[in-house]
Amino acid sequence: MSKNIAIDGPAGAGKSTIAKQIAKRLNYIYVDTGAMYRAMALYLMRQEVNPADVEQIGRVCQNASISIAYENGEQVVYLNGENVNAYLRTEEVGNMASATSVVPKLREKLVSLQKELAAQKDCVMDGRDIGTCVLPKADVKIYLTASSLVRARRRMEELLAKGQSADLETIKADIEERDYRDMHRETSPLCQAKDAVLVDNSDMTLEQGVERILEVCKEKGLLS
Ligand code: DC
């Protein structure tokens with residue numbers, strides 16, 4: 001049976017950076033489920049769907065075929081056969097993904113794809129509902145978080161490094177709004193699974209966060 005590590009937490013906690021390193025150390029694949037919700041959001045934006053129309057989203061999302069592949073060790077998301085990686089990381093797509101991921105029919109479609117992947121391969125999967133809903137029997141469950149101020153600062157540094165302008169207060173407000181939506185939606189809200197280990201990396205370096213999670217993997221026998 002395949003081995004699965006579930007990492008959940010709010011936006012900007014460092015899940016993908018840390019999950020990728022854990023996957024590398026264990027020689028597992030890394031599955032970024034947020035990228036799947038983003039690809040679906042991109043499709044809905046292109047179809048000019050109203051983000052508040054649950055019925056329309058539930059219907060239109062059935063026409064999107066999402067799959068993932070690994071090219072040069074990186075996850076590539078295909079939307080109806082098109083590699084859409086280059087379009088997924090904008091704030092606009094992220095906000096649309098947060099708004100549309102509340103729709104149960106859309107979630108059903110992506111969750112079944114995620115379960116299939118995890119059944120086939122040893123993986124580190126990150127998202128919002130992995131330990132609670134997608135992989136309730138995961139070998140290791142981590143809830144990774146940091147304060148909204150720390151997450152906003154990290155995001156601001158990323159934007160500044162790309163030469164984009166950024167205002168800390170605006171980014172923090174945006175992060176808090178996204179947290180609220182992700183934690184209060186009716187279907188599979190973001191929350192810590194009862195058997196998940198809490199890792200708050202507000203005061204940790206990236207390496208310390210990775211080491212802490214590897215310790216948990218060792219305790220569970222996934223690493224000697
Ligand atoms: O992790 P991210 O920022 O790429 O995710 C974008 C949005 O997708 C996030 O705000 C909520 C949604 N999402 C979800 O509902 N469930 C997941 N497992 C992953 C992401």
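The values are calculated or read from the model by the stated rules, or taken from the named source; none is laboratory data. Source: prediction; values computed, not measured. Every residue, glycine among them, receives a Cβ derived from its backbone with ideal geometry; neighbour counts consider all protein chains shown. Please note that ligands, DNA and RNA were not included when accessible areas were found on the heavy atoms of the full protein model with its side chains. Shrake-Rupley method; radii C 1.70, N 1.55, O 1.52, S 1.80 Å.
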Q) Do any residues in the stretch 63-92 that are on the phi > 0 side of the Ramachandran plot have Cβ atoms under 9 Å from those of residues that are of a type in the set (Lys, Arg), where the two are at least six apart or on different chains, and which pairs are they? A) GLY73/LYS24
(Q) Any residue in the stretch 95-114 that is in contact (Cβ under 8 Å) with a residue 12 or more places away in the chain sitting within a Cβ distance under 6 Å of a residue that is surrounded by fewer than 18 Cβ atoms within 10 Å (Cβ to Cβ) and among the polar types (S, T, N, Q)? List the pairs, counting only those 6 or more apart or interchain. (A) PRO104/THR187; ARG107/THR187
Q | Residues that are part of a helix (DSSP H, G or I), farther than 20 Å from ARG151 by Cα and of a type outside the set (A, V, I, L, M), drawn from the stretch 205-224 | A | GLU215, CYS217, LYS218, GLU219
Q: Report, by residue number, each residue of the stretch 5-32 that is more than 18 Å from ASN72 (Cβ to Cβ) and of a type in the set (A, V, I, L, M).
A: ILE5, ALA6, ILE7, ALA11, ALA13, ILE18, ILE22, LEU26
Q | Identity of the residue in the stretch 170-187, in a helix (DSSP H, G or I) and open to solvent by less than 40 Å² (accessible area, probe 1.4 Å), that ends up farthest from THR145 (Cα to Cα) | A | ILE171
Q) Across the stretch 129-156, which residue is surrounded by the most Cβ atoms within 10 Å (Cβ to Cβ) among those that are hydroxyl-bearing (Ser, Thr, Tyr) and not in a strand (DSSP E or B)? A) THR132
(Q) If a residue must be away from the ligand (no atom under 16 Å from the Cβ), open to solvent by 40 Å² or more (accessible area, probe 1.4 Å) and closer than 19 Å to SER148 by Cβ, how many such residues does the stretch 188-204 contain? (A) 4
Q. Which strands (runs of 3 or more DSSP E) sit wholly inside the stretch 16-128 and have at least 2 residues that are in contact with a Cys (Cβ under 8 Å, 6 or more places away or on another chain) and either within 16 Å of the ligand (Cβ to nearest atom) or open to solvent by 10 Å² or more (accessible area, probe 1.4 Å) (or both)?
A. 29-32
